[in-house]
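The values are calculated or read from the model by the stated rules, or taken from the named source; none is laboratory data. Remember, it's a predicted structure, so these values are computed and weren't measured experimentally. Cβ placement follows ideal geometry from the backbone for every residue including glycine, while neighbour counts extend to all protein chains displayed. To get the accessible areas, we keep the full protein, side chains included, count just its heavy atoms, and leave off ligands, DNA and RNA. Shrake-Rupley method; radii C 1.70, N 1.55, O 1.52, S 1.80 Å.
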Amino acid sequence: MEQIWQGLIKALEMLVQGDREVLGITLLTLKVSGMGTLISVLIGIPLGVFLALAVFPGRNAVVSLVNFGMGLPPVVVGLWVAIFLWRSGPLGFLNMIYTPAAIVVAQAIIAAPIVTGFTIAAIGQLNPKIRLQIIALGASRVQLLWLLVREARMGLLAAVIAGFGGVISEVGASMMVGGNIYGSTRVLTTATAMEVSKGNFDIAIALSVILMVLAYIVTFSLTMLQQRGRGL
Amino acid sequence: MLKRSVLVWVAIIVLAMALAGCQAKTEQAPRDTAKAPESKEIVLATTTSTQDSGLLDVLIPYFEKKTGYKVKPIAVGTGQALEQGKKGDADVLLTHAMSSEKPLVDEGVAVNYQLVMHNDFILVGPENDPAGVKQAGSSIEALKKIAEKGAVFVSRGDKSGTDTKEKSMWKTAQIDPKGKQWYQETGSGMGQTLTIANQKLGYTLTDRATFLAQQKNLKLVIVSEGDKDLLNIYHVMQVNPDKFARVNGAGGKAFVEYMVSPETQKIIEDFGKDKYGQSLFYPDAGKKVEELGK
């Protein structure tokens, strides 16, 4: 119990004093996971909308693959990305292993199926008559898609929230492709794991609290955005 | 009105994320342009004990300041570190399992192989010492007692330097602990393994540095130490740049030279003295392995 208090006090200390090391790690976490989420959204929403609306043979197989991908273990993604990015790997010439960009790639791969899956569900849930009505009103294809996306925005924001939640919380992939390098690829989750193995439980608890606060702030902002739409 | 504000919000968030992305990119830009030969970056694959004891946090900043290189330390078990060296995925290795290092040197994968420092392995266990290990004459005796009593023994089980050492000790004791109920393999680093041994009231083999650094969290005590064959010897070596096109030869060389320089050796000797009252590692540059522990 005492350890928990020590950790909480340490967290407060770090936050109040604006510990530069922790601040750096926190900003990096936000940057990397933000970028990873952004890329997954840029891939996942268009892909999800397409899969929700398109009719083609094998569609169900593709959708089931996406649904399967929603549960991809981060450590598996990390391993595969690492295999490709290691110097000895096929993409080794990019010199990307152990950089923040490598984590962004791994996290985008983790989050993309999540965002896609949620998007398929969000668009699929819309009343099919809406589509017919919009077309009947003479909308162009682009206008139709835009209106559908607007109509499904609550579900789509849920997709973004879930995607972000998936990447901010993962440690396996970041550790493997980032290497937990101080000042470069040490994010909150890998730093927490490292402090545990160093036996610095107070710092580890402090970092975990900071991670949760950060995740909550971002999720809160997205939720505000999502629920604002309710009045419409 | 509301619709517009939603759009504004979306725009703000997207912009913020894109901005964050740009920043991340500008930071990487110099790294990407500085490609292989004249790269200022070196990947150091090393054992967990150098990170978990805090030694790397002291050594690397000095090195970076002195030489302008940027070190990427990847703290994994010695087994994995050597494996990364074999594939040319690291530039320089700092490890502690001579029997596994030797093949790399023989094959010419590792060059500039230098003795850096040593400390020793110790057997730690619960205070009440259920297997009566403290009475054992040697560490091998100790293992025999543990096996006889079936007392919990927590093993790294990760092919690290410590793990390699432990396996060879069981071999000497002519015991095959694999699969026995009292023998538990964690597959994780030294720090984590000590925590697990602590929780399970088990015995484990650890390097002295990690144990001292973690002692504040542990109820474990040293039950066997001081054997000559418990020496824990660290070597630094370059991954051969002639074998792998992308290995940073100059950077690796600079790091090896730094590790054996008198200045660094002094830092190693002083490391931990203020906190633990004793050195965690003993500098050995220029010595021969046979001279150690005498």
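Observations on the structure shown:
- Residues within the stretch A:108-136 that are under 30 Å from residue B:73 (Cα atoms), open to solvent by less than 40 Å² (accessible area, probe 1.4 Å) and out of contact with any Ser or Thr (no Cβ under 6 Å at 6 or more places or on another chain), tallied: 1
- Residues of the stretch A:156-172 include none that is without any contact (Cβ under 8 Å) to a residue 40 or more places away in the chain, facing chain B (nearest Cβ under 10 Å) and under 22 Å from residue A:222 (Cα atoms).
- Of A:44, A:89, A:71, all but one fail to be under 21 Å from the mean Cα position of the chain (by Cα), more than 30 Å from residue A:203 (Cβ to Cβ), small (Gly, Ala, Ser) and assigned to a loop (DSSP other than H, G, I, E, B); the exception is A:71.
- Residues of the stretch B:169-186 that turn out to be part of a loop (DSSP other than H, G, I, E, B) and away from every other protein chain (no Cβ under 13 Å), as a count: 10
- Filtering B:114, B:135, B:181 for residues that are surrounded by fewer than 21 Cβ atoms within 10 Å (Cβ to Cβ) and free of Cβ contacts under 8 Å to residues at least 12 places away in the same chain leaves a single hit, B:135.
- Tally of residues being open to solvent by 30 Å² or more (accessible area, probe 1.4 Å) and over 27 Å from residue B:195 (Cα atoms) across the stretch B:46-68: 7
- All helices (runs of 4 or more DSSP H) inside the stretch A:99-162 with 1 or more residues being closer than 19 Å to residue A:68 by Cα: A:100-125
- Test: residue in the stretch B:104-117 that is among the acidic types (Asp, Glu), more than 14 Å from chain A (Cβ to nearest Cβ) and assigned to a helix (DSSP H, G or I): yes
- Counting only strands (runs of 3 or more DSSP E) that fall entirely inside the stretch B:194-275 and contain at least 3 residues that are away from chain A (no Cβ under 14 Å) and buried (at least 20 other Cβ atoms within 10 Å of the Cβ), the qualifying elements are B:231-239.
- Test: residue in the stretch A:70-81 that is open to solvent by 60 Å² or more (accessible area, probe 1.4 Å), hydrophobic (A, V, I, L, M, F, W, C), in contact with a helix residue (DSSP H, G or I) (Cβ under 8 Å, 6 or more places away or on another chain) and within 14 Å of chain B (Cβ to nearest Cβ): yes
- When residue A:120 is tested against (1) in contact with a Leu (Cβ under 6 Å, 6 or more places away or on another chain); (2) within 14 Å of chain B (Cβ to nearest Cβ), just one condition goes unmet, and that condition is (2).
- Among the residues listed as A:84, A:56, A:68, the single one being touching a Leu at 6+ places or on another chain (Cβ under 8 Å) and of a type in the set (Phe, Trp, Tyr): A:84
- Checklist (1) part of a helix (DSSP H, G or I); (2) farther than 29 Å from residue B:56 by Cα; (3) open to solvent by less than 40 Å² (accessible area, probe 1.4 Å) applied to residue A:207, failing item: (2)
- Per this entry, residue B:166 is not counted among residues that are more than 13 Å from every other protein chain (Cβ to nearest Cβ), charged (D, E, K, R) and open to solvent by 10 Å² or more (accessible area, probe 1.4 Å).
- Tally, over the stretch A:163-204, of residues that are in a helix (DSSP H, G or I) and among the charged types (D, E, K, R): 3
- Every residue from the stretch B:52-69 that is more than 8 Å from chain A (Cβ to nearest Cβ) and in contact (Cβ under 8 Å) with a residue 12 or more places away in the chain: B:53, B:55, B:56, B:58, B:59, B:60, B:62, B:63, B:66, B:67, B:68, B:69
- Screening residue A:152 against (1) over 23 Å from residue A:43 (Cα atoms); (2) open to solvent by less than 20 Å² (accessible area, probe 1.4 Å); (3) without any contact (Cβ under 8 Å) to a residue 40 or more places away in the chain leaves a single unmet condition, (1).
- Checking the stated criteria, residue B:227 turns out not to satisfy the condition of being acidic (Asp, Glu) and free of Cβ contacts under 8 Å to residues at least 60 places away in the same chain.
- Filter pass, residue B:126 being modelled with pLDDT of 95 or more, more than 12 Å from residue B:223 (Cβ to Cβ) and not charged (D, E, K, R): no
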